[in-house]
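The values are calculated or read from the model by the stated rules, or taken from the named source; none is laboratory data. These numbers come from a predicted model, not from an experiment. Here the Cβ positions follow ideal geometry from the backbone for every residue, glycine too, while neighbour counts run over all protein chains shown. Protein only, heavy atoms only, side chains kept; ligands, DNA and RNA dropped before computing areas. Shrake-Rupley method; radii C 1.70, N 1.55, O 1.52, S 1.80 Å.
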Amino acid sequence: FRARAQDTSIVCSEQRMEAQDYRECGTITDLLWSPTAAKDVEDGPAGIMMVPTYPSLDNLTLTGFIVGKQLWSDLLEHAFETGVTGLDVVIRTDTNTEGFTYSVTDGLAAFKSNGTVVDSDPEFLASRHINPKYFADNTAQYFMDIYSTDEFMDQYRTNNPRAACIGAVAIVFGTSLLFFLYDYFVRKEFHDKKNLLDAKRQFVRFISHEVRTPLNTVCMGLALLKQEFNHFLEHGSSSSTATEGEQTASNKTTEFGSKVREWMDLSDQVGQNASASVAVLSDLLHYDKIQTGTLTLELSTIPIFHAMEKIVNEFKIAAREAGINLYLDLSALPSKSNEGPKKDTSPSSLSEGLRAAIVVGDSVRLVQVFRNLLSNGLKFSKDGGDLIIRARETHTSKSYKEKEFMINKDEPISLCQRSVLVIDVVDQGVGMTREQVKTVFVDGTQFNANQFQAGGGSGLGLSIARGIAKEHNGTLTCHSEGMGKGSTFTLTLPLYNPANATSMSDQTDRNPDDSCLKEQDLEFAIPKLHILVVDDAITNRKLCMRLLQTNGHICVGACDGKEAVDLVKESMEKEEPYDCILMDYEMPVMNGPEATKKIREMGCNSYIAGVTGNVMSEDVDLFRSCGADWVLAKPFRLEELEEQLIEHGIGGQDLSEDGDDVRES
């Protein structure tokens, strides 16, 4: 073994000199049994190591060997940690595959046997090729194999992994079950809330239809009475001046005319109460839309100061009857003259630029906010007190960026904000405590309704008004100094310069009071139209037809959708189609949307207006999707219908075109 190892080292050194590569040429013999004379070292397997030596000035010339003996028991003595027991270690070479076996007890390796003597089926096996990089290629290759015994496995065998696995599975299962239960209860709560919301919406829809339909009869009946009263007054006035000999009859007519005017005032009061009932229903619908985030705004440009003046004028009669002084105070705004306008003045006294300023929003919704604030002010004001609507401007920024809007559904417009309009509604009524001020915008809030509030209400108006103001990028707040000191509601809205300031300024100069209003001074005429009235309620149908006939239209009635479809088909065959069709929603045999759809499928282009007590957004959308041009909420005013007919060009024309079959609207 030694001679072979020495020869291998010499050959390697010669190759090293020839190649000039400074390779390692040390060698180690194969395993051999080596006796020892040392008392503290036992005999055992060993290997003889030969390391060639080279002069420091000539690292390629072999000059000798350093020979040493390596006992494997010495190397294994410190190879294992104290306490390790139950391992069999086999030292072998590539030629002596059986090798020698050592056993490890408490970290110490002791010679066990020649050859490989281990358990027949070891549970653990590790093998290591001793690093040969310090020896020549042809030297003996050593391997160390480690086998585990049952004793070793018993030390480290445990049920913890199994328990951990079971625990992990249990945790995953428990967590999954917890999430499943959470998801189940969340879904259940969601469905319960959805069912509750659906039930509430169905209830509101039912109440709306069942209340609006009879109110429609009441309002149309009142409108018809007013028409007859006006006709009587005009006829009586003309006949009373016929001759002087009829003075007594004239006096009686005049006396009866005063009675008629009293009846007209009474009918107006009845109409106001009917409108109040409708307002409560509208509050419920608007509250539902705000809560569900489905409130949509139909934006348009609103001449805000003229709109304020118009609404204040509408409430002056009610204020006068309640003994309350109602004023529009514009004194804080720039005016034409050096002196600011006094309270209860017209917007015509404002400077031209301010008078032309506009608010971008939904005119119907904003009017609702103003009406709500004025109505509340009248309810809680004291007899003889003042109710003041005060307007002023503030600036929240030194410069405002131009904003883009989509008005009238499909008309883009770019406007520059000029300021923020602040509108204070100040009353001298019962006032509120600090706690009441904090909750005044909470849904359903009513403070001492029986003691203070004249007329009741839904308690939703202020909450809805604040929601509408927020949708217009504004705010609605409340302030009161205390009980008996009145209250102030403050509405803020962005105020914009009109898109064409010059044009608007010219218009306001020509007619400063009315140029910005939607109700323009231009008069229109509507020809006698051929109108089909479809309603299953015979009273509603007859009253509607009577109103239309009184205004010069030719009317035909139908009691359900199927009859309406048949009449439309017959008129088209005669080439005498209806100009307008008023279609109810809820009807037997065939409802309004279905009838509208069939009429459109026949190729009928008549103007179809849905007239319904179902004013939920989904009902209106359904009617429109079936082909309705417009949807009127019951109770409806004839003026609303005529405005839409003019807007859509259904016979609208200037009064300069004379004709016998037209009437002024």
Subtracting the Cα-Cα distance of Met17 and Arg637 from 0.36 nm times their residue separation yields 211.3 nm
Extension length gain for Ile554 and Lys470 (0.36 nm per residue less Cα distance), in nm, is 25.7 nm
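Rolling a 1.4 Å sphere over the protein heavy atoms, what is the accessible area per residue of the range 101-227, to the nearest Å²? Walk me through the numbers on the way to the answer.
On the way: 8780 Å² over 127 residues.
In whole numbers, the range 101-227 has 69 Å² accessible per residue.
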Run the numbers for Leu297 and Asp410: contour at 0.36 nm per residue of separation, minus the present Cα-Cα distance, in nm. 39.4 nm
Residue-wise HN-Hα coupling along the range 535-545, computed from phi with Karplus coefficients 6.51, -1.76, 1.60 (Hz; x: Gly, Pro): 7, 7, 7, 5, 5, 4, 5, 5, 5, 4, 5
Amide H neighbours of Gly431 under 5 Å, at least 5 residues apart or on other chains, H built in the peptide plane: list them. Gly484, Lys485, Gly486, Ser487
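What does the net charge come to around Ser103 if you take all other residues with beta carbon closer than 12 Å to its beta carbon, with K and R at +1 and D and E at -1? If you can, show how the numbers build up before the last one.
Details: positive: Lys112; negative: Asp88, Asp106, Asp119, Glu151.
Cβ neighbours under 12 Å give a net charge of -3.
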Please give the peptides 13-25, 366-378 ranked by average Cβ packing (other Cβ atoms within 10 Å per residue), highest first, as a rough proxy for protection. 366-378, 13-25
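Grab the beta carbon distance between Phe1 and Phe180, set R0 = 56 Å, and tell me the FRET efficiency rounded to 0.05.
Values: r = 73 Å, r/R0 = 1.31.
So the FRET efficiency works out to roughly 0.15.
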Can you give the accessible area of Glu210 in Å² (nearest 10), computed on protein heavy atoms with a 1.4 Å probe? 90
What are the residues whose amide H is under 5 Å from the amide H of Asp329, where those residues sit 5 or more places off or on another chain and H is modelled from the backbone? Asp344, Ile389, Arg390, Ala391
If you plug each phi of the range 621-638 into the Karplus form 6.51 cos²θ - 1.76 cosθ + 1.60 with θ = phi - 60°, what whole-Hz ³J(HN,Hα) values come out, in order, with x for Gly and Pro? 4, 4, 4, 5, 5, 7, x, 6, 6, 7, 10, 9, 8, 6, x, 10, 9, 4
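Return the subset of Lys226/Lys379; Lys569/Lys634; Lys542/Lys562; Lys69/Lys133; Lys569/Lys597; Lys226/Lys259 for which the Cα-Cα distance in this structure is over 22 Å, preserving the input order.
Details: Lys226/Lys379 27 Å; Lys569/Lys634 27 Å; Lys542/Lys562 19 Å; Lys69/Lys133 19 Å; Lys569/Lys597 13 Å; Lys226/Lys259 13 Å.
Over 22 Å apart, Cα to Cα: Lys226/Lys379; Lys569/Lys634.
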Estimated distance in nm for a label pair at Asp106 and Ser127, the labels positioned 7 Å out from Cα along Cα-to-Cβ: 3.3
Mind listing the phi-derived Karplus ³J(HN,Hα) values for the range 61-67, rounded to whole Hz, using 6.51, -1.76 and 1.60 with θ = phi - 60°, and x for any glycine or proline? 9, 6, 10, x, 9, 9, 10
Based on the Cβ-Cβ distance from Arg320 to Arg392, what FRET efficiency comes out when R0 is 25 Å, to the nearest 0.05? 0.40
Sorted from largest down, what three extents in whole angstroms do the Cα atoms of the range 1-105 have along their principal axes? 50, 29, 25
Protection proxy ranking of 594-601, 633-640 - average other beta-carbon atoms within 10 Å, highest first: 594-601, 633-640
